[in-house]
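The values are calculated or read from the model by the stated rules, or taken from the named source; none is laboratory data. Fair warning: this is a prediction, and the values are worked out from it, not measured in the lab. For neighbour counting, all protein chains shown are included, and Cβ atoms are generated from backbone atoms with ideal geometry for every residue, glycine included.
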Amino acid sequence: MSSLLLLLPLMAQVGPASSLPSSARPYASQLPLEIIEKKDKEDRDRRAREAQNVAMPAARSSAGCMSAVEANPEKSAELARSALADAIGREQVRAGLCLGVALSDLDRWDEARTAFTNARDAADPADHASRARLGAMAGNAALAAGQAGQALSLLAPAATDAKIVGDADLTASIALDRARGLVAVKQPDEAANALAEARAAQPDNAQAWLLSATLSRRQDKLAQAQTQIEKAASLAPQDPEIGLEAGVIAMLSHNDAAARRSWESVVAAAPSSDAAVTAKQYLSQLGSPDPAK
């Protein structure tokens with residue numbers, strides 16, 4: 001699968017690896033980093049699926065562009081620009097899509113945003129599915145460029161188009177992107193609403209529940225965070241990030257034993273993961289278990 005647009009993630013990193021969470025830490029006043037960071041592979045896989053689902057015919061030049069992206073994004077961008085020079089109608093959309101994909105592979109986020117936005121604008125107004133996906137891509141590029149406000153303005157119409165066609169997966173994906181944009185502009189309550197929308201669209205989306213739990217924990221809503229992390233764990237019991245977050249919530253709830261069990265489970269289930277490295281550091285600071293407990 002082609003390596004496409006890097007999305008900024010919503011994965012759960014629970015703070016500096018060297019610092020054990022404690023109830024004295026002002027998590028409620030901090031922006032959750034997990035709403036701003038994301039694993040590259042998951043993002044690129046999702047971008048590839050979205051690009052493949054944009055419904056438009058491939059002209060010879062733009063088809064060659066898409067096939068060249070992974071091997072040579074520079075060449076792919078050249079092919080796309082050449083195709084755009086003569087493209088009209090739906091071929092213009094296809095060429096713009098390819099240009100945006102190639103530019104995002106080159107980390108040229110502002111240019112990629114412009115390409116995706118132009119492709120969206122060239123799409124038929126009635127083609128809500130393509131407009132939704134292209135708008136989401138443009139919003140992701142804006143987030144990657146650190147332009148959260150601009151991203152939100154692009155994601156809003158994309159969300160409307162996704163709802164018109166009844167695409168629950170895309171609706172949830174856009175809602176998650178909106179959540180991190182809202183956190184970046186310091187609107188955590190609105191971000192929580194966006195995460196609730198993602199959960200409603202995809203009730204079995206473990207990541208949406210994980211991120212909801214993390215945001216609730218950062219807002220010092222520990223009871224709510226506990227309920228949400230339990231749901232996440234029921235959906236993805238082997239996910240080390242969920243186990244790591246569960247331990248943080250337990251620690252802040254003054255349940256050291258539960259925190260220890262969660263972090264030990266992370267180390268056992270995924271010993272080579274980044275989450276396990278963090279869990280080991282937390283455990284080392286937690287000290288030996290009290291035999292009286």
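Please specify each residue of segment 92-121 satisfying the condition of being surrounded by fewer than 24 Cβ atoms within 10 Å (Cβ to Cβ) and in contact (Cβ under 8 Å) with a residue 60 or more places away in the chain.
Within segment 92-121, D105, D107 meet the criteria.
Before we move on, is R94 assigned to a helix (DSSP H, G or I), in contact with a Lys or Arg (Cβ under 8 Å, 6 or more places away or on another chain) and either at pLDDT below 90 or at negative phi (or both)?
Answer is no for this residue.
Among the numbered criteria (1) within 23 Å of S212 (Cα to Cα); (2) among the polar types (S, T, N, Q); (3) surrounded by fewer than 17 Cβ atoms within 10 Å (Cβ to Cβ), which one does T171 miss?
(3)
A quick yes/no check of all residues on (1) in a helix (DSSP H, G or I); (2) polar (S, T, N, Q):
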site	(1), (2)
R178	yes, no
P203	no, no
S212	yes, yes
S216	yes, yes
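Going through segment 129-147 one residue at a time, which ones are surrounded by 21 or more Cβ atoms within 10 Å (Cβ to Cβ) and without any contact (Cβ under 8 Å) to a residue 40 or more places away in the chain?
Hits for segment 129-147 are R131, G135, A138, A142.
Out of the residues in segment 210-251 that are under 19 Å from P289 (Cβ atoms) and either among the hydroxyl-bearing types (S, T, Y) or touching a Pro at 6+ places or on another chain (Cβ under 6 Å) (or both), which is surrounded by the fewest Cβ atoms within 10 Å (Cβ to Cβ)?
Among them, the one singled out is M251.
Would you point out which residue out of D177, D161 is in contact with a His (Cβ under 8 Å, 6 or more places away or on another chain), under 28 Å from S212 (Cα atoms) and among the charged types (D, E, K, R)?
From the options D177, D161, the qualifying one is D161.
Mind checking whether some residue in segment 108-122 is closer than 24 Å to A71 by Cα, in contact with a Leu (Cβ under 9 Å, 6 or more places away or on another chain) and among the hydroxyl-bearing types (S, T, Y)?
Checked segment 108-122: at least one residue is closer than 24 Å to A71 by Cα, in contact with a Leu (Cβ under 9 Å, 6 or more places away or on another chain) and among the hydroxyl-bearing types (S, T, Y).
So, of the residues in segment 121-172 that are in contact with a Phe, Trp or Tyr (Cβ under 9 Å, 6 or more places away or on another chain) and outside any helix (DSSP H, G or I), which turns out to be nearest to D105 (Cα to Cα)?
A145
Just wondering, is there one or more residues in segment 220-234 that are assigned to a helix (DSSP H, G or I) and among the hydroxyl-bearing types (S, T, Y)?
Scanning segment 220-234, I find at least one residue that is assigned to a helix (DSSP H, G or I) and among the hydroxyl-bearing types (S, T, Y), so the answer is yes.
Out of everything in segment 252-265 that is part of a helix (DSSP H, G or I) and of a type in the set (S, T, N, Q), what residue ends up being surrounded by the most Cβ atoms within 10 Å (Cβ to Cβ)?
Checked segment 252-265; the qualifying residue surrounded by the most Cβ atoms within 10 Å (Cβ to Cβ) is S262.
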